[in-house]
Amino acid sequence: MFSKNSTHHFFQSETLKEVYTFIGMLLFSFLLLNVLLIIPIRFNGDSFFHLSRMESIHGNPLNFLYPQNFLSLGRIGGTTNIFYPVGVLNFIVNLIPTNIGILGTYRLTVVLILYINILSMYSVLRYFIKAPLLNSFLASILWGTLIITFDIGTIGGEILAKIAFPFVAVGLYYFKKRNGWILLSFGLILSISSHILTSLFLIVFTLLYLLVEFIKTKKNKLNFVVKGMKAAIATVLGSQYIIFPMVMLYANNKINTPPQMASAFVDYQLVYLSGIITDPTFIVMAVFIILSIIYEKKYSIGILLFTLSGTTAFIWPYIFNHTILNIIQFPYRLFNWGICLAFVFAIITLSRIQIPIQWKKVVTISLLFLCFLLGTAIHKSFFSKVSNDTGYILTISKEDVIKSFQEGHDGQHLGEYGSFTGTIFNQPEVWSLMNYSDYSPSEGLNDPQTKFLFWDQKAKNIVAHRLTKNANDNIPTTHFKTTASEISFRPTKSISKSTIELPVMGYKANKVKVFINHSEIPFTIQDGRITIDAAVTAKDTVYIKQFIPLWRLIPFFVSTLTIVVLIFLILRKHLFVKSQTFWSKL
């Protein structure tokens, strides 16, 4: 039992202040996003895409290990969850109860993503940089506000990867002085588990940063190399559950990569100076970066060049439009990543400044006001349309969803409908509102540049859940049901023995079985679809079942073990030692 003195010590201790701070950061997250939590949500293409990903993994934290997505994005067995890393998102989504519906899950996921971004910054400032508590709190909520405002449209991708930025920055900051390689590896694994393109930026920046530091190092170069090798090995092992499945599917299949117009690399969303000046998030970040340079009288020319390279200050996109650099899709991403990472380094510098006691209240109120002011930009992404006739919020109806599916609508058409309420997701066709061609088998498309499957003459039958007999006779299905591991349906009419392409994507190397009335039958993969040679009646039920292959399980266990070891090393070297004296008194 705790003694009276130890209990009194606890309530007077720094530990209690830390607890209050964590609660305060969570309360701030809810307050900043209060409108999102209350009103019906208007989804655009990107946000609905991430909502669909949440649907495919919510309810069971191991669902993401299934290679194919049977639950959303057309319910046709795409592999988006492999090629669009779901590790961090899976962890967050499965913290949320399943009985609040997918819309409630989406709302709370956004709040938790904001909160975890705040926590990641707070943890490195408070426990590694040793910044004062108030400084760490204010800097962290400012970081979270800017990131959520900056990237609200990428709530399941790039904004998740931003959780890694503080760990990577501090890992590089302390790479030579302490065991910064541990934090660096942990940060890179977080990024790879969230968004591949952001990870590529961080890896390239890390390699260049360490190369410059190695050249500048006059002694202990061997020790520097050893730390670099430790970081590389830990990162590779910790991210195997993401990397190996990608390699496995790419090696065994011809995968359709996200299509992009040739001109998009040059002229799509380039960051012009006028755009920077009119965006308050850019202005705030730039001001803090400049203040940190003035205060410390140091700067990283590399990260500043990275940032500017994403603007029209340089003409390199016109020169390298048809090279490997096209992989980043849009050059403006360099500005996004660069200014965010530069802002993290700025916060690390400025957070160590001691705020005079008489200024603490003024600084706190001013920064909180700034955060809530910046946060107003979030809600424009979700505000609902209001009827000119009734003044009520327009919401999508069951009839709208069914019509969209039956008429083969696809693509960026969600803006035509109203906002989404929780009940609309009881309609299974809602998961066929957006059917991306990303990462589908190339053989299943007439045109690899088709962005949505309903647009493609060859692919539209699979997303309409039609069987294709002998390559030209399309038969609708009924009783179409899905779980994470199984798709079942019946044909609307009997089909004599023939070659039948099923409405499920086929990938070599996956572990899949096909059954008719629970009797297993052989299958092949044809035109990117699972194909059988059999006769089926209108009373027969066809089942496609998938299983978690060893090439998913083994890398997952390797990565899990690596991440657990890294977390243990981080806690052992920083938190446990710090609190050892206090806990020994209890």
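Here are a few things to note about the model shown:
- Ordered from highest to lowest accessible area with the whole protein assembly present and a 1.4 Å probe, Ile215, Ile96 read as Ile215, Ile96.
- Largest accessible area first, the residues Trp455, Trp551, Trp337 order themselves as Trp455, Trp551, Trp337 under a 1.4 Å probe with ligands, DNA and RNA left out.
- Taking a Cβ cut-off of under 12 Å around Gly144, the surrounding Lys, Arg, Asp and Glu residues balance to a net charge of 0, with basic ones at +1 and acidic ones at -1.
- Rg over Rh, two decimals, region 431-586 (C-alpha only, Kirkwood Rh): 1.25
- Point-to-point label distance, Gln354-Asp533, nm (Cα→Cβ direction, 7 Å offset): 8.3 nm
- The slack in the chain from Phe314 to Lys403, taken as 0.36 nm per residue of separation less the alpha-carbon distance, amounts to 27.4 nm.
- Rounded to the nearest 10 Å², the accessible area of Ile315 at probe 1.4 Å: 110 Å²
- Magnitude of the charge dipole, region 118-224, Cβ model with Lys/Arg +1 and Asp/Glu -1, debye to 20: 720 debye
- The chain, relative contact order [Cα under 8 Å, separation at least 6], %: 19 percent
- Among Lys360, Lys216, Lys545, the sequence by solvent-accessible area, most first, with a 1.4 Å probe is Lys216, Lys360, Lys545.
- Per residue, the chain exposes 46 Å² of solvent-accessible protein surface, assessed with a 1.4 angstrom probe and all protein chains in place.
- One quarter of the convex hull surface built on the alpha carbon atoms of region 445-525 amounts to 6.2 nm², the projected area averaged over directions.
- The chain: angle of helix 550-570 to the longest principal axis, Cα-based, in degrees nearest 10: 10 degrees
- Unit charges at the beta carbon, dipole of region 349-431: most positive-side option, Thr395, Ala377, Phe420: Ala377
- What you get for the chain, charging only the Cβ of Lys and Arg (+1) and of Asp and Glu (-1), is a dipole of about 2420 debye around the Cα centre.
- Stokes-Einstein translational diffusion, the chain - Kirkwood Rh over all Cα pairs, 0.692 mPa s, 37 °C, in µm²/s: 126 µm²/s
- Each 10 Å bin from zero up to the one holding the largest Cα-Cα distance in region 381-458 carries the following percent of pairs: 17, 40, 29, 11, 2.
The values are calculated or read from the model by the stated rules, or taken from the named source; none is laboratory data. Computed from a predicted model, the values in this text were never measured in an experiment. Every residue, glycine among them, receives a Cβ derived from its backbone with ideal geometry; neighbour counts consider all protein chains shown. Accessible surface is based on the protein model in full, side chains and every heavy atom, while ligands, DNA and RNA are left aside. Shrake-Rupley method; radii C 1.70, N 1.55, O 1.52, S 1.80 Å.
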